[in-house]
C-alpha cells in the first residue's frame, strides 16, 4: 500500500479532506505524554495535590478544553462533536504521565483531540511549575491506540525492554 | 532559595499571578520540539516541500497562531501583546526539529508562547502525516533560552555527549 | 433516587460525561434572568430603544453568540449544534427581564446554552448602562423549563405569592 | 450630572467608546455572585471538595479564563491586558458565594472582567451540579467595588439589616 | 413568492432561525472573490510563490480556518460540522482570483462558510502585501453556486459580455 | 524605493514581523466596503430598520467584534489593544456603504482591524438578506486612509469622474 499525505492535493496544496461520503461511527483515541521534572519540583506538585490538587486539576481542565479547541488550533482538522474526554495522571519519581481518552461519534477520528489534550495538559503543568524549574521537558507524546472508522483499530507497538 | 509554585495560593488554589507592579521589558524565549517519524514518511514531507511546501507552511502558520492563543489555552497565563514569532524547521534523517522564537514587550515572559508554538506546529505535522504513519512521536519539547524580565537570562544546559 | 454529581469520577476528578451511547433527540431549554436598575437608568434604555434600540439589540446578539460559545466557556460542556436561539426582553418599572429559548437536536441538553445566553445578555446590558449606574444587579438566573432527553421534561416550580 | 449611556452615539447606534486619549492607570474591580442550592446538593460539592475539590477548582478555572474572554463575549468591551484575577468561594448552608478580584493597568476598567468571572464560575457550578438539582438559582451578581481610572473609587452601598 | 428576511422576527428583532425540523442533506457552496493589485505587487507574490509559496499558502490556511469560525463571526449563523473546504487561487495580470468550495452534511447551508473563506483569504493577501501597496482592493465577493437543502440548487447568472 | 513583502523571510517563509523596537503611537485607519443588492431587498432592510433596525444593528455588532478577532483570523497580524471602533452605514438606492474607523495606541497599524470590520459587517448583511436574494455582491473593500506610525499618513486616491 502506497503511503500518502491526505491533507495535500496532488499539486501539493493544503486542503481539508472531504468526509461527506463517510458514515458516522463511534471512535475512540487514547494518547499519552510525559512531563519530566526534578524530584524536588514534583514534590511541590504532590504537596499541592494533598491540599486542593489545583495544579493537576487545572491541567486536567486545560486538557479537556483544548480537546474542544482542536478545529481552531490544527488548521485542517474537521469540527466534530466530542462525546467524552477524560484525562488521568500517573505520578512517578521524577515525571508525570498523562493519558487522555477521547470519544466521538462521527465521520472522522479523534486522534488529534486526544493528542492535543495531553499536550496542553503538559504545557499547563510546565506553566504552573516553571517558577520552580525552567528545565522541565515534555516528551513522548504519541497515540497509544484508536478504534472505529474505516481504518479500524490501531495499537502502538512498544518495544520490549 | 526555596522552590515555590507561583500560580497557587498558600492554601493551594489556582490563581493568575499579580503582575501589576512589574515594569515592562523586552523579553524573548526560544523553545524546541522534535517530531520523530519513519524515513519514508519524512520523504513524503520533503517531496511535498519541493512542490509547494504546504505541510511545513501549514505547521508554521499553526504554530504562530497558537502562540497568540496561549491565554485561551493555558488557564493561568496572562494576555500579552506578542511583538514577533518565528518558526524554523530542521529536517534530519528521521525527524523534524522545530524552533520557535517569541518576543514581547511586557510584564511577563513569553516562554509559554514559544513552547505552545512548537507544540502546535508539531501536532499539525502529526495531523498532516498521520494517514501515512500513526506512530509518529513528538518529543523533547523544552525551553532553550529566555532573556528579559526580573529573573533574567536562562540558558538550558545540554549534556555533552 | 440518590443524588450524584455527573461531571466527577468516583475519585472526585473532573470529566466530560460520556454520551456516545445516547440517542439524539430534540431538546429545548428556557432560561430567565433579571437586570435590576434605577428607573432613571431604565429610562435611558427605553429612550435609546425608541431610536435604534441598540442597547437591547446588542444584548440580544451577545446572548445568542454566547450560547454558541458554551463549550469554550463551561469546561465540561459538550460541543453541540444549536438549532435555534431566541432572546426576548420584558421591560418593567425598574428591571429588565430576559428570556432565552435554545433548541438542539442531539445527545445532550441545551440548559447551559439558555442559561449562558441570558447571563451574557444581562452582562451586556450592565456594560452598556454602567456609565449611568454602577449598582445595577443581575439576579434570578435560573432554568424555567426543559424538554427532551432521557431525563424528560422539567418545569420550575414557582412559589405562589 | 446628567446620566448618559456611553456606548451609544447621539443617534442611538452602538459604538466602542474611544479611549485613545486616556492615560493608563492601575485599576481593580471586585464582583460577587451567589449560587443558591439545596443543602443536600451543597453536601455533594463539599464532599467532592474533601476529595479533590474539582467542582470548585473547575469553576475557579472557568471564571479566570472567562475574565480573559470578555472582549469576545461583551460586544463593546475593549481588549485589555489583565494583570491578575483571583476567585474565592464562601460556602454557606445552602449557597456558595463567589468573589472575583480583577486587576489591570490600562485605559479602561476591569468591572466587566470581574463580573464575567463570577458569572461564568456560577454557571460552571450549575453545570456540575445540575444532575443533582435543576432548580439551582444564580443571584445577586453585582460590582462590590472598583478603584482607579478617571471616575475613581466606587463602593457598593449595602443596606444595613 | 414574497421576499422575506428570515433572521428577524415579525416585530423586527434578530433571531437564529429554528432548523430543528429540517432533515440533514449534503450541501455544497462555492464562493469567489478577487484581489486587485498592481502588477509589480503581484510579481512579488509570484516570486515568493516560486520559493516557498508562503503568501498564498498562508492565505489558504487562513481561509480554511475562517470557514470553521463562521458561527463565531456571523452572529446568527448556526454551528455546523464542515465536511470539506478547499481554496484555489487564479493568478491573472493584476489580480488574484480566489475560489472556495465548502461541503457539509446538515440542516443548514454552507454559503456563509464559503463566502467567509474567500473574504478572509483575501484579507490575508492584503495583510501580507500591504507593505508594498496599500491601495489593494478586494472586490466581487459573491456566491457562485450552491446545491442541497430545501431551496435546492442556485447558480449565479453572469452577464454575457 | 524597492517594494518588499514584510511578512516573509528572505528565503520566502511566513513570519510575524518583529515590532519590539518600535514606539507606540496613536494610529487610525478608515476602511470601506459596499454591499450591492436589488432595490426590493434593500427595501426589506429599510423597512426592518424602521422597526428595530436589527439587520444593521447586528451587522454593526458583528463588525466591531470582528475587529477584535483580527489576530485570530489573519495569521501574521499582531495582537493589539483597540482604543475604538465605529461603523457607519450609508444606504443608497441599491447598495449599502459601510465605513469603519479603528483607533489604537500601539506599535502596529489598525488597517486590518478596519478592513476586517467592514468585511464581516458586509458578510453579516449578506447572511441576514440571503433568504431574499442570493446574488448579493460585496465589493470595493479598501483602505480609505490611515494615520500614525512610521509610514505616516496614507490617503487613497480616488479617480475623478
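The values are calculated or read from the model by the stated rules, or taken from the named source; none is laboratory data. Computed from a predicted model, the values in this text were never measured in an experiment. All Cβ positions, even for glycine, are placed from backbone atoms using ideal geometry, and neighbour counts span all protein chains on display.
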Anything in the range C:104-136 that is under 30 Å from residue C:20 (Cβ atoms) and surrounded by fewer than 24 Cβ atoms within 10 Å (Cβ to Cβ)? List them, or say none. C:105, C:106, C:107, C:108
What is the one condition in (1) more than 16 Å from the chain's Cα centre (by Cα); (2) over 19 Å from residue E:145 (Cβ atoms) that residue F:117 does not satisfy? (1)
Among the residues of the range F:106-161, the number that are in contact with a helix residue (DSSP H, G or I) (Cβ under 7 Å, 6 or more places away or on another chain), more than 7 Å from chain E (Cβ to nearest Cβ) and assigned to a loop (DSSP other than H, G, I, E, B) is 2
Would you mind stating whether residue B:19 is under 30 Å from residue A:46 (Cα atoms) and at pLDDT below 95? yes
Please find, within the range B:16-30, the residue that is nearest to residue B:105 (Cα to Cα) out of those that are touching a strand residue (DSSP E or B) at 6+ places or on another chain (Cβ under 8 Å) and within 11 Å of chain D (Cβ to nearest Cβ). B:24
State whether one or more residues within the range E:45-56 are in contact with a helix residue (DSSP H, G or I) (Cβ under 8 Å, 6 or more places away or on another chain), more than 8 Å from chain F (Cβ to nearest Cβ), in a helix (DSSP H, G or I) and under 24 Å from residue F:139 (Cα atoms). yes
Among the residues that make up the range D:80-93, is at least one of them outside any strand (DSSP E or B), within 30 Å of residue C:157 (Cβ to Cβ) and away from chain B (no Cβ under 14 Å)? yes
Of all residues in the range F:13-33, which are in contact with a helix residue (DSSP H, G or I) (Cβ under 7 Å, 6 or more places away or on another chain) and over 27 Å from residue B:66 (Cα atoms)? F:30, F:31, F:32, F:33
Matching entry among A:33, A:66, A:59 (being closer than 26 Å to residue B:142 by Cα, assigned to a strand (DSSP E or B) and at the interface with chain B (Cβ under 9 Å from one of its Cβ atoms)): A:33
Picking from B:40, B:11, the residue that is part of a helix (DSSP H, G or I), more than 17 Å from residue B:120 (Cα to Cα), over 13 Å from the mean Cα position of the chain (by Cα) and facing another protein chain (nearest Cβ under 9 Å) would be B:40
Confirm whether residue D:43 is without any contact (Cβ under 8 Å) to a residue 24 or more places away in the chain and closer than 30 Å to residue B:12 by Cβ. yes
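Suppose the filter is at pLDDT 95 or above and more than 21 Å from residue F:73 (Cα to Cα); does residue E:111 pass it?
So residue E:111 does not fit the description; no.
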Under 9 Å between Cβ atoms, which residue pairs at least 6 apart in sequence (or on different chains) link something in the range A:1-22 that is touching a residue at least 12 places away in the same chain (Cβ under 8 Å) with a partner that is exposed (fewer than 13 other Cβ atoms within 10 Å of the Cβ)? A:22/A:150
If you take the residues of the range A:56-101 that are under 22 Å from residue B:7 (Cα atoms), within 14 Å of the chain's Cα centre (by Cα) and without any contact (Cβ under 8 Å) to a residue 60 or more places away in the chain, which of them is surrounded by the fewest Cβ atoms within 10 Å (Cβ to Cβ)? A:88
Is it the case, given these coordinates, that residue E:66 is under 26 Å from residue B:58 (Cβ atoms), touching a helix residue (DSSP H, G or I) at 6+ places or on another chain (Cβ under 7 Å) and modelled with pLDDT of 95 or more? yes
